[in-house]
1. Please give the net charge around Val44, taking every other residue with its beta carbon less than 13 angstrom from that of Val44, where Lys and Arg add +1 and Asp and Glu add -1.
2. Go from 0 up to the bin containing the longest alpha carbon distance in region 17-76, width 10 Å each, and give me the % of pairs per bin.
3. Taking the alpha-carbon distance from Lys59 and a cut-off under 19 Å, which lysines remain once sequence neighbours fewer than 8 residues away in the same chain are dropped?
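Read-outs: derived from the displayed coordinates by stated rules, not from any lab. What you see is a predicted model; the values in this text were computed from it and never measured. Cβ: placed from backbone, ideal geometry, glycine included. Neighbour counts: every protein chain shown.
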Amino acid sequence: MSSSTRDETPFPSYEAEESQTSKLIKKSRESPFVPIGIAGFASVVAYGLYKLRHRGDTKMSVHLIHMRVAAQGFVVGAMTCGVLYSMYREYLAKPKP
């Protein structure tokens, strides 16, 4: 074996400078509606857990279905807004040469 073969590692090198937080901040700048969707999903889940104690005569399965639909609706709405925002940035706000 040559010395250059021994120095190479079979595993890809990872960038040590970029942490998970910096990746999240970079992605948030690129598409700002992703963190909004995550926050909305978390708030719907928190609200659902709060209302779970005070649901009255509503069955558990009906309550969980309503909360699931609300959380999915918020995430789909945030994704739609994100796509519309990126289309606006790409096609309308882009300066023409």
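1. Charge balance in the 13 Å sphere: +2.
2. Percent of pairs per bin, in order: 21, 37, 23, 15, 4, 0.
3. Lys51
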